[in-house]
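The values are calculated or read from the model by the stated rules, or taken from the named source; none is laboratory data. Just so you know, these numbers come straight off a predicted model, no measurement behind them. In this analysis, Cβ positions are derived from the backbone assuming ideal geometry, glycine residues included, and neighbour counts consider all displayed protein chains.
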């Protein structure tokens, strides 16, 4: 009876995982077959080498990192559990809280909305005001150049619209004060400027006007304004005015009264 | 057997008893590490990949489906190894990329390989993997079949052929 070689069964035979009947058959074949014996011997050498192969050992780092990761996972997991338990216990209270929170959110967002709206309209208003101010300035400056004296007075009186007039307006007013041919315009210009006596431009204009002004009532008003602000530079022009022959006596009188107050 | 099987322990882990993962780590991390080391020939890499295998075990514990734990574990390890090399090589060549990699590693790092490891390196990657899993990590034919998606019979025949080849390389070298 010719038997097949058992080479294919040898690994299992060596591992002792063959059923007994097969195992016995292999042994029987081996006793008669030198080729399979040789094969078995070689396989034994290989298996011994495999068994003797030292296992590589990982460093402690591996275990440490694994345990750290595990702790982290445990921490996050327990946290989730505790929250859900707390939720079950006080679901009524937490529902009320949720309602309260949503109301608060609603109110807060409404307030925010109105605040933003207000801010926006304020911005718009400021823009419009700014624009109308510029418009008025243009109107004022052009009115002051008008041929009609009453229009020029109207332009000068626009000054009341400007709490903080810029240099262009002040310059235009001082020009009115110094060079306008109409007494009333000059008087109005003076009255407008007298509110801004802290400005150097205005002071200089007053002092210069003192030398050129012929209308006595304006002269007196200028003198009084200069005395009131204690302008030292005005002393020279006032004394000159005193020496001039064409100066009205009551003007001289006014200067005489005012001069000591400045010094 | 007085200790509970891997499968029972893993089921408890999946139910939330995370501490039991330490038991599984103690039982298996050396096997996983050695498998990866035999396959890649790189100790540092094997350590990192082993680390990653157990991270995944933590993360995907609830996806464990009552099968053989060892098969599941080595499936993860195998995928890790494969994705590491495909990521590195930037093209998908299945596990065969390991062949070149392993030879490269030997040249570059000059790790001290035994005759047996050298013989193993001569096998192609798929064969090497099967013999490493079966003979070194003692994974049974049934589980191995599950891991590589084949039948126990086919695995048995294949292992037998690979062993013959490996024996040839090994006897040549000594």
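Would you pick out the residues in the range B:1-21 that are closer than 26 Å to residue B:82 by Cα and facing chain A (nearest Cβ under 7 Å)? Correct list: B:21 only.
Tell me the residue from A:129, A:147 that is exposed (fewer than 10 other Cβ atoms within 10 Å of the Cβ) and free of Cβ contacts under 8 Å to residues at least 40 places away in the same chain, please. It is A:147.
With respect to (1) more than 18 Å from residue B:34 (Cα to Cα); (2) modelled with pLDDT under 85, the lone exception for residue B:103 is condition (1). Considering the range B:1-24, the residues that are without any contact (Cβ under 8 Å) to a residue 12 or more places away in the chain and part of a helix (DSSP H, G or I) include one that is farthest from residue A:76 (Cα to Cα), namely B:8. The residues of the range B:52-75 that are part of a helix (DSSP H, G or I), touching a helix residue (DSSP H, G or I) at 6+ places or on another chain (Cβ under 7 Å) and more than 14 Å from chain A (Cβ to nearest Cβ), listed by number, are B:69, B:70, B:71, B:74, B:75.
If you check A:152, A:178, A:186, which single one turns out to be part of a helix (DSSP H, G or I), surrounded by fewer than 21 Cβ atoms within 10 Å (Cβ to Cβ) and in contact with a helix residue (DSSP H, G or I) (Cβ under 6 Å, 6 or more places away or on another chain)? Every option except A:178 fails the conditions.
Note on the range A:48-58: among residues that are surrounded by 11 or more Cβ atoms within 10 Å (Cβ to Cβ) and closer than 30 Å to residue B:23 by Cβ, the one that is farthest from the other protein chains (Cβ to nearest Cβ) is A:57. Reported count of residues in the range B:25-51, each being more than 13 Å from the chain's Cα centre (by Cα), farther than 11 Å from residue A:63 by Cβ and either assigned to a helix (DSSP H, G or I) or at the interface with another protein chain (Cβ under 7 Å from one of its Cβ atoms) (or both), is 5.
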